[in-house]
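K.L.:
Once you've had a glance at the structure underneath, I'll fire off some questions.
The values are calculated or read from the model by the stated rules, or taken from the named source; none is laboratory data. Computed from a predicted model, the values in this text were never measured in an experiment. Methodologically, a virtual Cβ is constructed for each residue, glycine included, from the backbone with ideal geometry; neighbour enumeration extends over all protein chains shown. Ligands, DNA and RNA are excluded from the accessible area calculation, which covers all protein heavy atoms including side chains. Shrake-Rupley method; radii C 1.70, N 1.55, O 1.52, S 1.80 Å.
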Amino acid sequence: MKRRQLIQFAGLGSVSLLVVARDRTPLSTVTQLVDRNYFSLETFEFDVATVNKAGKIKRSQIHTARFFSEPFNASERLEMVEIAPGNFWMGASKTESSTKSYEAPRHRVSIPSFFMSKFPVTQSQWTAVAALPKINHDLPAEPSHFQGGDLPVESVSWLESMEFCDRLSQHTGRRYQLPSESQWEYACRAGTQTPFHTGETIASQFANYVGTYTYQAEAAGEYRQATVPVGSYQPNVFGLHDMHGNVWEWCADAWHRNYRGSPKNGEAWSHPRPTQMRAIRGGGWLDAPNSIRSASRSGYIETALNRTIGFRVAVA
């Protein structure tokens, strides 16, 4: 029996919206920003599929992206993918099925270039960083409910994810952070305006979710009932894997119930009143397809643990 208590909530999806008081917004202890020319970038090639409303592949294309490798030790490293700058429409369109009030209003956001981890942080990567010197919080070496080095780490809080970023920043000299919500959605959409980066729908061959439920006219698929190794499915056009499903991902932002007054420049959004609520994105293995859309979002307590929530990191 794990000593770390998992906080679970009832309902079809894995995560419920919560309301609490008090604000705690720890700042990274590392403020140095490294010049982009410092990065030694490599190129990788990958296939990207687009599907129709029946979930059938209508187009498959080869794309390329650039990345740099961030070693933790002799065996573990992060692959950080370059995300080009651009503008996009954030939030759900009025014609999109299963939209929620907190996915609106749809608004235009300008995103400067940044790097995002190719995959959610794995358990092996977490263990390597957890062994680095403490900054603000203790980190358990093996927090996850589902065990496996190449599985995404889960059952980690927002505060622990922030500690991971701070330790990694101190170790590398680069300022690693949780992505902002707008960075996350921009990276997930990868130039698309459809509900999923795969197109008008998604199928369980492209993501880990409750595939027995459908979004459009696709056939019912598989429900795996657990996390799967990162990179098990094709990436999006930016070269990022698992942006839909597998685990929800912590973002840097405080939770807001709509986008009124949100930043238009890609920065994380703080809250004018005390709050422990933080934004999560992407949906997880315990969610129906409507909850893993590019626009889907929810909020969760920064100290809470859930076997459906992990994270990935970003660096400018």
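K.L.:
Identify, by number, the condition in (1) surrounded by fewer than 23 Cβ atoms within 10 Å (Cβ to Cβ); (2) outside any loop (DSSP other than H, G, I, E, B) that LEU139 doesn't meet.
P.N.:
If we test LEU139 against (1) surrounded by fewer than 23 Cβ atoms within 10 Å (Cβ to Cβ); (2) outside any loop (DSSP other than H, G, I, E, B), just (2) comes out false.
K.L.:
Follow-up. In the stretch 288-316, what residues are within 14 Å of ASP242 (Cα to Cα) and either touching a His at 6+ places or on another chain (Cβ under 7 Å) or of a type in the set (Asp, Glu) (or both)?
P.N.:
Hits for the stretch 288-316 are ILE292, SER294.
K.L.:
Residue by residue through the stretch 201-217, note down the ones that are crowded, with 21+ Cβ neighbours inside 10 Å and under 22 Å from THR95 (Cα atoms).
P.N.:
Passing the criteria: THR201, ILE202, ALA203, TYR215.
K.L.:
If you don't mind, there's one more thing I want to ask. Being at pLDDT 95 or above, surrounded by fewer than 20 Cβ atoms within 10 Å (Cβ to Cβ) and closer than 21 Å to THR192 by Cα narrows it down to one of ASN258, ASN265, ASN236, ASN246, so name that one. Reasoning before the result, please.
P.N.:
Working: ASN258 fails: closer than 21 Å to THR192 by Cα; ASN236 fails: surrounded by fewer than 20 Cβ atoms within 10 Å (Cβ to Cβ); ASN246 fails: surrounded by fewer than 20 Cβ atoms within 10 Å (Cβ to Cβ).
Just one listed residue meets the conditions, ASN265.
K.L.:
How many residues are closer than 18 Å to PRO105 by Cα and crowded, with 24+ Cβ neighbours inside 10 Å if we restrict to the stretch 181-200?
P.N.:
Qualifying residue count for the region: 7.
K.L.:
Something else about it: Mind checking whether some residue in the stretch 180-203 is in a strand (DSSP E or B) and either out of contact with any Lys or Arg (no Cβ under 9 Å at 6 or more places or on another chain) or of a type in the set (Asp, Glu) (or both)?
P.N.:
no
K.L.:
Just for the stretch 268-296: of the residues that are among the aliphatic types (A, V, I, L, M) and over 22 Å from HIS107 (Cβ atoms), which one is least open to solvent (accessible area, probe 1.4 Å)?
P.N.:
Applying the filter and picking the extreme gives ALA288.
K.L.:
Only residues in the stretch 231-257 that are farther than 19 Å from VAL210 by Cβ count as the first member; pair them with residues that are among the acidic types (Asp, Glu) and buried (at least 22 other Cβ atoms within 10 Å of the Cβ), Cβ under 7 angstrom, at least 6 apart or cross-chain, and list the lot.
P.N.:
CYS251/GLU181; ASP253/GLU181
K.L.:
Here's another thing I want to ask about it. Out of (1) open to solvent by 20 Å² or more (accessible area, probe 1.4 Å); (2) touching a Leu at 6+ places or on another chain (Cβ under 7 Å), what's the single condition that is false for TYR176?
P.N.:
The one condition TYR176 does not meet is (1).
K.L.:
Scan the stretch 297-311 and give yes if some residue there is open to solvent by less than 30 Å² (accessible area, probe 1.4 Å), farther than 23 Å from GLU154 by Cβ, not basic (Lys, Arg) and not in a strand (DSSP E or B), otherwise no.
P.N.:
For the stretch 297-311, residues open to solvent by less than 30 Å² (accessible area, probe 1.4 Å), farther than 23 Å from GLU154 by Cβ, not basic (Lys, Arg) and not in a strand (DSSP E or B): absent.
K.L.:
Suppose we filter the stretch 210-229 for residues that are in a strand (DSSP E or B) and out of contact with any helix residue (DSSP H, G or I) (no Cβ under 8 Å at 6 or more places or on another chain); how many remain?
P.N.:
Within the stretch 210-229, the first condition is being in a strand (DSSP E or B), and the residues that meet it are 210, 223.
Retained after the next criterion (residues that are out of contact with any helix residue (DSSP H, G or I) (no Cβ under 8 Å at 6 or more places or on another chain)): 223.
Total meeting the criteria: 1.
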